[in-house]
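What follows is a single structure, written as structure tokens, with notes after it.
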Amino acid sequence: MMQVYVKNSCEAVGLYLKAFNATLGFNVKSSDETYYHAELDICGHTLAIAEANDGMDERITGNTMQFCFHYGEGNEEQVKRAYEILKEDSEILFPLGPCDFSSLCADFIDKFGVRWCLFV
């Protein structure tokens, strides 16, 4: 399981469900209706989402992780779909296209501050 903490967790969960054609599994909301914990099934992998709050550990100073999804050859449409949905308000580090290790790849930081690498 991978875990990410974001501001606006409800919006993030909705966007990731759509982008990755994911399903929402076990989830618990806080009293303010943000996610205390939400598990998304993305191609058989669990991505847990939780609301980041102002009291989080101050030692966490930046985004030093990247979530990579290797869809495999023949799944170019899944990569394109996820990229098109997530690219809005994202910082594009490597636009959708070929790279040294894949015929189709994108590297970007989404509007929630999560860095993604999607490729076949």
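Here, each number is a calculation from the coordinates, and none is a lab measurement. This structure is a prediction, so every number in the text was calculated from the model and none was measured. Glycine gets a Cβ as well: all are built from the backbone with ideal geometry, and neighbour counts include every protein chain shown.
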Query raised in the report: Cα atoms only, region 1-53: Rg and Dmax in Å?
Result: 10.0, 30
Report task. Please report the relative contact order for region 1-53, taking Cα pairs under 8 Å with a sequence separation of at least 6, and give it as a percent rounded to a whole number. Result -> 44
Report summary line: Per residue, the convex hull enclosing the alpha carbons of region 65-120 has a volume in Å³ of 67
Report task. Over the alpha-carbon set of the chain, divide Rg by the Kirkwood Rh and report the Rg/Rh ratio to two decimals. Result -> 0.97
Requested in this report: Report, in deg cm²/dmol and to the nearest 500, the calculated mean residue ellipticity at 222 nm for the chain, where each DSSP H run with n ≥ 4 adds -39500 (n - 2.57) and the sum is divided by the residue count.
Outcome: -5500 deg cm²/dmol
Query raised in the report: Under 12 Å from the 7 Å Cα→Cβ point of ARG81, by amide nitrogen: which residues of region 10-43?
Result: 17-23, 43
Report summary line: Nearest 10, in degrees from 0 to 90: the angle of helix 9-19 to the longest Cα principal axis of the chain is 20
Requested in this report: Quote to one decimal, in nm, the extra length available between HIS37 and MET2 on full extension: 0.36 nm per residue of separation minus the C-alpha distance between them.
Outcome: 11.4 nm
Query - Relative contact order computed over region 1-117 (Cα-Cα under 8 Å; 6+ residues apart), in percent - result: 24
Requested in this report: With r as the distance between the Cβ atoms of ASP100 and GLU11 and R0 = 35 Å, compute the FRET efficiency 1/(1 + (r/R0)^6) and round to 0.05.
Outcome: 0.55
